[in-house]
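Taking it in order: structure first as structure tokens, then the write-up.
The values are calculated or read from the model by the stated rules, or taken from the named source; none is laboratory data. These numbers come from a predicted model, not from an experiment. Here Cβ is always computed from backbone atoms with ideal geometry, including for glycine, and neighbour counts include all displayed protein chains. Areas reflect the complete protein model, heavy atoms only, side chains present, ligands, DNA and RNA absent. Shrake-Rupley method; radii C 1.70, N 1.55, O 1.52, S 1.80 Å.
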Amino acid sequence: MAGVRLRGVHKLYGKVHAVRGVDIEIPDRAFTVLVGPSGCGKSTLLRMIAGLEVVTEGTVEIDGAVVNDVRPKDRDVAMVFQNYALYPHMSVFENVAFGLRMRNAPNSEIRPRVERAATMLGIADLLERQPRQLSGGQRQRVAMGRALVRDAKLYLFDEPLSNLDAQLRDEMRTEIKRLHQDMQRTMIYVTHDQVEAMTLADRIVLLRDGQIEQEGPPLELYERP
Ligand code: ADP
Ligand code: ADP
């Protein structure tokens with residue numbers, strides 16, 4: 001349904017060569033984690049897949065079609081951001097519903113989908129609140145709900161748990177894993193945390209200085225000398 005392929009991808013921010021010739025094939029429905037130290041280009045890669053960043057050179061393909069010139073909202077991709085990116089003046093319901101409203105979905109469709117996503121994430125009781133009335137963990141769930149409600153074929157996560165404390169992070173990891181099993185969608189997850197990568201990934205891509213250092217299933221990768 002939604003394999004992703006990058007061929008010869010480069011990204012320059014002015015003179016900063018953030019991504020230097022990346023070729024990856026990301027299998028359909030797998031949980032792929034891009035891991036590596038801060039500044040190695042993980043987020044830039046993810047944003048190019050989402051269409052939020054222009055590709056300087058090379059091609060990004062989703063489902064076998066080159067999407068370099070396709071706008072983010074036409075890519076059928078849902079993304080969860082590190083800083084949650086919630087709208088402070090909107091209720092939780094409206095925050096979760098936002099992507100559906102943007103696509104002019106009818107109210108009769110919006111309400112059940114928001115409620116279903118909220119139930120999956122344990123925030124069904126919070127729908128009338130404002131983001132400022134929520135804890136960090138609850139905000140993070142709202143940000144996830146906003147992506148899940150879209151029913152996209154490709155889900156992208158940019159360090160979504162890094163603002164949470166250790167216990168909540170464990171809980172959310174388990175939950176994300178369960179969502180992946182239930183939804184059977186392609187998920188690409190960025191983190192600098194190797195434990196998180198090991199726990200979540202079917203397949204890990206290790207980046208360093210804008211290039212792929214290693215890739216493979218988690219055990220294979222970290223058992224090498
Ligand atoms: P990571 O997600 O692995 O921490 P990033 O993709 O955010 O790495 O950044 C890769 C490199 O590109 C870094 O050197 C970073 O400073 C630089 N960079 C990222 N975004 C921008 C930007 N908007 N303008 C200029 N440089 C950027
Ligand atoms: P546009 O100009 O396409 O309306 P914006 O520049 O406001 O979009 O935002 C960039 C893109 O990011 C938009 O297509 C928007 O739908 C998308 N976007 C915002 N939040 C999310 C999210 N949580 N998941 C997926 N896409 C998102």
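Report, in degrees rounded to the nearest 10, the 0 to 90 angle that the Cα long axis of helix 92-102 makes with the longest principal axis of the chain.
Roughly 60 degrees, rounded to the nearest 10.
Enumerate the residues in the stretch 42-60 having an amide nitrogen under 17 Å from the point lying 7 Å beyond the Cα of Ala30 toward its Cβ.
Answer for this model: 46.
Place the peptides 99-110, 164-175 in order of packing, highest mean first, counting for every residue the other Cβ atoms within 10 Å and averaging per peptide.
164-175, 99-110
Can you give me the % of accessible surface on the stretch 123-170 that is carbon or sulfur? Probe 1.4 Å, all protein chains present, nothing else counted.
36
Please compute the modelled spin-label separation between Met102 and Asp69, points set 7 Å along Cα→Cβ, answer in nm with one decimal.
About 2.2 nm separates the two model spin labels.
At 1.4 Å probe size, with no ligands or nucleic acids counted, give the accessible surface of Arg129 in Å², nearest ten.
Counting only protein heavy atoms, Arg129 exposes about 90 Å² to solvent.
Test of understanding: express the Cα radius of gyration of the stretch 136-186 as a ratio to 2.2 N^0.38 Å, with N the residue count.
For the stretch 136-186, the normalised Cα radius of gyration comes out at 1.10.
If I model a spin label at Gln133 and Glu220 as a point 7 Å from the Cα along the Cα→Cβ vector, what separation in nanometres do I get?
It works out to 5.0 nm between the two label points.
Could you work out the Kirkwood radius for the stretch 1-154, taking every pair of different alpha carbons, averaging 1/r and inverting it, reported in Å?
After inverting the mean inverse Cα-Cα distance, the result is 16.8 Å.
Determine the share of the stretch 1-87's accessible area contributed by carbon and sulfur atoms, expressed in whole percent, with a 1.4 angstrom probe.
50
Just to confirm the number: angle between the C-alpha axis of helix 136-148 and the first principal axis of the chain, 0 to 90 degrees, nearest 10?
Helix 136-148 and the main axis of the chain meet at about 80 degrees.
On the protein heavy atoms, probe 1.4 angstrom, tell me the percent of accessible surface of the stretch 183-225 carried by carbon and sulfur.
Carbon and sulfur together cover 47 percent of it.
On the principal axes of its Cα set, how long, how wide and how thick is the stretch 70-185? Give whole Å, largest value first.
38, 29, 24
So how do 131-139, 8-16 stack up, highest first, on mean other-Cβ count within 10 Å?
Ranking the peptides 131-139, 8-16 by packing returns 131-139, 8-16.
Which lysines have a Cα less than 18 Å from the Cα of Lys73, not counting those fewer than 8 places away in the same chain?
Within the straight-line cut-off, Lys73 pairs with Lys153.
What do you get for the angle between helix 107-120 and the principal long axis of the chain? Use alpha-carbon atoms, 0 to 90 degrees, nearest ten.
70
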